[in-house]
């Protein structure tokens, strides 16, 4: 997805699960910190032990801690008091069911804080007022199941805020009126906001970015936003809009980015979209099987000649409607998923010569349509999942020599795949062959041209009949960092091509004829951090020879034929943090091979037969935080004993 700096800067950073993203801050003014005290070291150890993240500013003396992200039962009022050991902290993100309003007062000593993200189910909100003691606080994101009107009273006392995100847990009346004093607020995100309260936003005269995610939002709600003439970015999601309220946007003369997410949009409503001369990005989150929109409303887009980015979602536009886009000469990014598009629609797209990114996922593009797309010389990104193309379609791409990302599927031969060699700037390539039962002719020899792609970093191949000889051509891709292949004809000997892929950090292998001996070639991949191996023919004897590098952090194994002895090769992977095993014939006794993994945090054994005594091996993994077991094999007293040994372990059945 391509977005402007403004959209990126103002987008909230928590996702629907309530987890937080981490931004490492560097080059900030030094606050006089030295190396951590023993007390601070203990806090850091506890945070990292719980899977949290502590970031330091490596550019400053003493490497001061500038960012902490943590969640879990350890995060309570007492824990917040201990954060006083980090006076240089710039960013704090935490999720807790224990922290109360009183506990928030402990954060007042962190006077360098600029960014704070809190998800606290025991907080009502009055304690947020203590954050007024933080002179540098500019960004606040707050969510919780009990937030009340007191929360907004407190937020209104933070006049230095520039960015604010709040998730409503109830209808606290006209709470948004309390934000009127935030004269410097530029970005506001409201989740589950009550519709009637939106009229109070008109007092925020400096607001540039507004995001509202609320099922109660309707066209009348848009009219309540009329006073916000300074808006540059408006995003409305999960709303119940038919579009009749869009005419109220006519006063937002500075609007540059508009996102509308609604499954109720109609042609009649969308026709009320006003002329917005400064609009550069329009994102319509239209779900599949939408019935209210047709080609009839596509002419509205002609009123927006300045558009540079357009996402039509699943708007069921046909070739006739696509013709309305010909006037958008500045369009550089287009997303459309309509299954009604055909060859004529592709010809219309070929007139958009400024296009750099094109996502046609779900569109049944054919070879004839590819001939039109091949004329887009400026194209850098093309995604065609759901297409039905062949060798002729691939050949049409020779003219798109600027391509850096190509995701494509169809039915190909090795000779047809040779056309990829002309795309020498590719950095991300995904090929899926749709030939039924993988009965096609392509064995991989046609991929030899990939050796001449110095920028290629990510490669995914599935559906081809890849064999040992076909994959030899990949051996020189030492700069490749991510590789995913499904190779039904590949044998252990063919895995020798891995020796040359010394830059790999992520590898996924789905191989039906590999027994395991060839996995010894993993030894050369010293940078590998993530590994997934799936194979029906994998045997214990072969798997025991696997030589994955010691730096591996994540490993997933699907091996229905092994009985467990081959898992002895895991004992050397002392740096593993995540391990997932699917081996239905294996017994839990094989867990003896993983008990010496001090860094292991996540273990999934849903594909293993585990008994009570087997859990004693897991008790020795002191840092384990999450365990997945098959409920059908649920042991008895062993789980109780395991919980006593590892009280912070979460067990999912």
Requested in this report: Rank the residues 317, 300 as a footprinting-exposure proxy: fewest other Cβ atoms within 10 Å of their Cβ go first.
Outcome: 300, 317
Query raised in the report: Length gain on complete extension for the stretch residue 648 to residue 82, per 0.36 nm per residue less the alpha carbon to alpha carbon distance?
Result: 201.7 nm
Query raised in the report: For residue 385 and residue 254 in the same chain, what is the full-extension length gain: residue separation times 0.36 nm, less their Cα-Cα distance, in nm?
Result: 43.6 nm
Report task. Using R₀ = 35 Å, calculate the FRET efficiency as 1/(1 + (r/R₀)^6) where r is the Cβ-Cβ separation of residue 39 and residue 526; round to 0.05. Result -> 0.40
Requested in this report: Order the peptides 556-562, 117-123 from the highest to the lowest mean number of other Cβ atoms within 10 Å of their residues.
Outcome: 117-123, 556-562
Query raised in the report: Going 7 Å from the Cα of residue 343 in the Cα-to-Cβ direction, what parts of the stretch 360-391 have a backbone nitrogen less than 17 Å from that spot?
Result: 364-375, 388-391
Query raised in the report: Could you state the number of Å between the C-alpha centres of the stretch 67-85 and the stretch 268-285?
Result: 45 Å
Report summary line: Fewest to most Cβ atoms within 10 Å: 139, 435 sort as 435, 139
Query raised in the report: Suppose R0 equals 30 Å; then what is the FRET efficiency for residue 368 and residue 441 from their Cβ-Cβ distance, rounded to the nearest 0.05?
Result: 0.85
Query raised in the report: Where the centroid of each part is defined by its Cα atoms, how far is the stretch 183-254 from the stretch 408-474 in Å?
Result: 47 Å
Query raised in the report: Fewest to most neighbouring Cβ within 10 Å: what's the order for 425, 593, 206?
Result: 206, 425, 593
Report summary line: Over the stretch 421-525, the quotient of the Cα radius of gyration and 2.2 N^0.38 Å is 0.99
Report summary line: Length gained if residue 537 through residue 289 is fully extended, taking 0.36 nm per residue and subtracting the Cα-Cα distance, is 85.1 nm
Query raised in the report: Which percent, nearest 5, of DSSP beta bridges in the chain are antiparallel?
Result: 5 percent
Report summary line: Dimensionless Rg/Rh of the chain, both radii on Cα and Rh by Kirkwood, sits at 1.00
Query - Förster-model FRET efficiency, 30 Å R0, residue 616 and residue 563, C-beta, rounded to 0.05 - result: 0.90
Query raised in the report: Simple spin-label model, 7 Å along Cα-to-Cβ: residue 264 to residue 133 in nm?
Result: 4.7 nm
Report summary line: The relative contact order of the chain, taking Cα pairs under 8 Å that sit 6 or more residues apart, comes to a percentage of 4 percent
Requested in this report: Can you tell me the relative contact order of the stretch 72-219? Whole percent, Cα pairs under 8 Å, sequence separation 6 or more.
Outcome: 16 percent
Query raised in the report: Could you state the per residue volume, in Å³, of the convex hull enclosing the Cα atoms of the stretch 333-485?
Result: 92 Å³
**Report entry** Contact order normalised by residue count of the stretch 239-377, Cα under 8 Å, 6+ apart, percent
**Finding:** 18 percent
Query raised in the report: For q = 0.10 Å⁻¹, what log10 I(q)/I(0) does the stretch 550-653 give under the Debye formula with an equal point scatterer on each alpha carbon and no solvent?
Result: -0.23
Report task. Note down the nm distance, to one decimal, between modelled labels 7 Å out along Cα→Cβ at residue 157 and at residue 378. Result -> 5.3 nm
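We did not get these values from a lab; they are worked out from the coordinates using the rules stated. All figures in this text were calculated on a predicted structure; none of them were measured in a lab. Positions of Cβ are backbone-derived with ideal geometry, glycine not excepted, and every protein chain shown enters the neighbour counts.
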